[in-house]
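The values are calculated or read from the model by the stated rules, or taken from the named source; none is laboratory data. In this text, all values refer to a predicted model and were calculated from it rather than measured experimentally. So basically every Cβ, Gly included, is an ideal-geometry build from the backbone, and we count neighbours across all protein chains shown. Side chains are part of the model used for accessible areas, which takes the heavy atoms of the whole protein and leaves out ligands, DNA and RNA. Shrake-Rupley method; radii C 1.70, N 1.55, O 1.52, S 1.80 Å.
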Amino acid sequence: MLSTAFTVREVVHATPRTRIIRLDAGPLPYAFTAGQAVMVGLHGSPLRKPYSIASAPWEVARTGVMQLLLQIDDSGALDPHLELAAPGTTLDVEGPFGAFGLTAESANDPLLFVAGGTGIAPLRSMLMERLSRPNTAPIAIVYSARSPEAFAFRPELEALQDAGRVRVHFTVTRDEGGPWPGRRGRIDRELLRTALPAPGALCLICGPPQLVSDTKNLLEELKVRTDRVLTENY
């Protein structure tokens, strides 16, 4: 994999447990496809960890900025090997790698994205890539998080829904009470049945292993063909 040194432009508070790191990455010295990941570490450190690219390829080409969505630890710091990451910090980025993503054959297919936690990152990349192309096939998103505050990219997703470009189904799994008017509970068969934009939709799932496995099984119960379900877990 090609290794490149990028400078951190900005660290953005996305949710209580995640941060968006925006890297000065342009002009990007390599091509990547929506859904791929990179290995990242502090410059000169042997420690590396994989992160999905949250930006679509065209966004990086247009803005020179690559977005990564990172989990933080219980103290509020970034992952230990990136605890020093701040604007101006140099990070070593290796990649891209991975085969999770939209296929050439699915260019005109309805899409169902299912995300848990930071699993929204590669799905956002694919979503923005699809929305940049002329296509009228429907797109739906099912997004599961612990609390209403834990949905990364929520304002952006809600704006796309308000514009009629996607349908978004948020569901909160652990928050008790509180002013959340939306759905509560884990992803279940009825939610997936409601969200499926078409019987033959291509379904892409990313999140914790249990969520991915359970969702895949539920889609099978809904008679979605196995070859129409693509998965990635972390």
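So which of S3, S55 ends up being loosely packed, with under 13 Cβ neighbours inside 10 Å and either modelled with pLDDT under 90 or over 25 Å from Q210 (Cβ atoms) (or both)?
Only one candidate qualifies: S3.
Those residues that are among the basic types (K, R) and assigned to a loop (DSSP other than H, G, I, E, B), I need them from region 12-61; list them, please.
Correct list: R17, R48.
So that you can scan it fast, the table gives a plain yes or no per residue for (1) of a type outside the set (V, I, T); (2) out of contact with any strand residue (DSSP E or B) (no Cβ under 9 Å at 6 or more places or on another chain); (3) open to solvent by less than 70 Å² (accessible area, probe 1.4 Å):
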{"site": "E158", "(1), (2), (3)": "yes, no, yes"}
{"site": "R165", "(1), (2), (3)": "yes, no, no"}
{"site": "V172", "(1), (2), (3)": "no, no, yes"}
{"site": "R184", "(1), (2), (3)": "yes, no, no"}
{"site": "L192", "(1), (2), (3)": "yes, no, yes"}
{"site": "T215", "(1), (2), (3)": "no, no, yes"}
{"site": "L218", "(1), (2), (3)": "yes, yes, yes"}
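Considering each residue of region 212-234, count those that are in contact (Cβ under 8 Å) with a residue 40 or more places away in the chain and not in a helix (DSSP H, G or I), and give that number.
Qualifying residue count for the region: 5.
Please go through region 90-124 and give me each residue that is of a type in the set (S, T, N, Q) and open to solvent by 30 Å² or more (accessible area, probe 1.4 Å), ordered by number.
T90, T103, N108
Among the residues of region 216-234, how many are of a type in the set (S, T, N, Q) and under 17 Å from L127 (Cβ atoms)?
1
Among the residues of region 77-110, count how many are assigned to a loop (DSSP other than H, G, I, E, B), farther than 30 Å from G200 by Cβ, at pLDDT 85 or above and of a type in the set (D, E).
0
Return the residue satisfying two criteria in turn: it lies in region 4-59 and is touching a Phe, Trp or Tyr at 6+ places or on another chain (Cβ under 9 Å) and among the β-branched types (V, I, T), and of such residues it is nearest to R124 (Cα to Cα).
That would be I53.
Of the conditions (1) surrounded by fewer than 20 Cβ atoms within 10 Å (Cβ to Cβ); (2) at pLDDT 95 or above, L127 satisfies every one except a single condition; which number is it?
(1)
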